[in-house]
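The values are calculated or read from the model by the stated rules, or taken from the named source; none is laboratory data. Just so you know, these numbers come straight off a predicted model, no measurement behind them. Don't worry about glycine lacking a Cβ; one is built from the backbone with ideal geometry, like all the others, and counts go over all protein chains shown. When the accessible area is computed, the model is the full protein with side chains, heavy atoms only, and any ligands, DNA or RNA have been set aside. Shrake-Rupley method; radii C 1.70, N 1.55, O 1.52, S 1.80 Å.
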Amino acid sequence: MPVGTRGTVKGLWPQQLREAGAQMILANTYHLALRPGADVVADLGGLHQMMGWNGPILTDSGGFQVFSLAELRTLNDDRVVFKSHIDGSLLDLTPESAIRIQEQLGADCIMCLDECPPHDVPPERLAAAVDRTTRWAARCREAQQRTDQALFGILQGGIDPGARERSAQGLLPLDFPGYAIGGLSVGEHPDLMYSTLDFTVPLLPADRPRYLMGVGRPIDLIEGVLRGVDLFDCVMPTRNARNATAFTSTGVVKIRNAKHQRDQSPLDPACDCSTCRGFSRGYLRHLFLSNEMLGPMLLSLHNVAYYQRLMRELREAILKGGGADFRSAHLAALRDAT
Ligand SMILES: [Zn+2]
């Protein structure tokens, strides 16, 4: 899922997202609740109508940004009180209000409020976050009124097998239509993320979608899919594009580099996106050096198309029984893709 933090995947029209192969996008509850406000989004017809995107949308609960962006004031079982990063006003989030806001925004998949602690907290703090996340999940399930939104439970537990198991035991009886794996990609080494997926994914029912939150690099997507993950979201394709960095079939391309100055070849000869079909590396470099807005737009389109093609080809490889071969074939080009 490309990320549309504030109700827009930066620099791309909905039609271009479709053209790039995107099927589902993510929007951030925290940002939209602060600005323009969930009630304003509702008055504008809800997220789909407001954004002009008729495909599926997933919203997070806002919890992750509260814990990572905002200045926390109070955190207890009832609620989390935080200071808005926009105007400093005090706001609070409860499991019930996280659901109410997401019902106003109107996405197809919505998330329970969870507590996502830093990756290096002591075991007792981790256990407390797991248990609070479970209690909050039950309250979210109870608070849900709309019947046309799939509410996902979120597993916490860091990289600790026991804590992950405890989290699954708490959430599974609530019978969510989908499950997310939270608390990864928060600073731990990728190998630890993979080994955590090795014991976490099998805890989840095979007939429900599994969503690995906030991940990641192309190689992380392949490693996650081969371990049984279905959904991912990451700002990387669009953020890196705005920083003049493109993912290509032959590795990462920094388009500002002087070697591209007179290069008439496309960004990625293996890509059939509008950027690669229509423009040269030399022109893209010129756009970035001139700070023209078309530069980030063209690279964003390509990077989203790259991610979507990678997933499409991986799906095809898995159907033919060749997932592991696909991984080995891509490993060398992807290892430096950060
Ligand atoms: Zn392309």
inquiry  = Given the criterion more than 12 Å from the ligand (Cβ to nearest atom), open to solvent by less than 30 Å² (accessible area, probe 1.4 Å), not in a helix (DSSP H, G or I) and not basic (K, R), identify the matching residue among G228, G295.
reply    = G228
inquiry  = Anything in region 113-131 that is without any contact (Cβ under 8 Å) to a residue 60 or more places away in the chain, in a loop (DSSP other than H, G, I, E, B) and either touching an Asp or Glu at 6+ places or on another chain (Cβ under 8 Å) or open to solvent by less than 10 Å² (accessible area, probe 1.4 Å) (or both)? List them, or say none.
reply    = L113, E115
request  = Please indicate, with yes or no, whether at least one residue in region 301-313 is within 22 Å of M24 (Cβ to Cβ) and away from the ligand (no atom under 16 Å from the Cβ).
outcome  = no
query = Hey, any hits in region 72-88 for a residue that's modelled with pLDDT of 95 or more and under 30 Å from L44 (Cβ atoms)?
reply = no
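Listed here are the residues, each with its yes/no results for (1) open to solvent by 50 Å² or more (accessible area, probe 1.4 Å); (2) more than 24 Å from V235 (Cα to Cα).
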| site | (1), (2) |
| --- | --- |
| A27 | no, no |
| V40 | yes, yes |
| S61 | no, no |
| Q65 | no, no |
| A70 | no, no |
| V80 | no, yes |
| I86 | yes, no |
inquiry  = Can you confirm whether R239 is part of a helix (DSSP H, G or I) and open to solvent by 50 Å² or more (accessible area, probe 1.4 Å)?
reply    = yes
message = Please determine whether any residue of region 317-325 is under 27 Å from Q264 (Cα atoms) and away from the ligand (no atom under 15 Å from the Cβ).
response = no
task = Within region 245-281, track down each residue that is part of a strand (DSSP E or B), near the ligand (Cβ under 9 Å from one of its atoms) and closer than 19 Å to G11 by Cα.
result = A246
key: Which numbered condition P36 fails, given (1) over 14 Å from the mean Cα position of the chain (by Cα); (2) in a loop (DSSP other than H, G, I, E, B); (3) farther than 17 Å from R100 by Cα   = (3)
key: Breaking point among (1) under 24 Å from the mean Cα position of the chain (by Cα); (2) more than 14 Å from the ligand (Cβ to nearest atom); (3) of a type in the set (G, A, S), for S290   = (1)
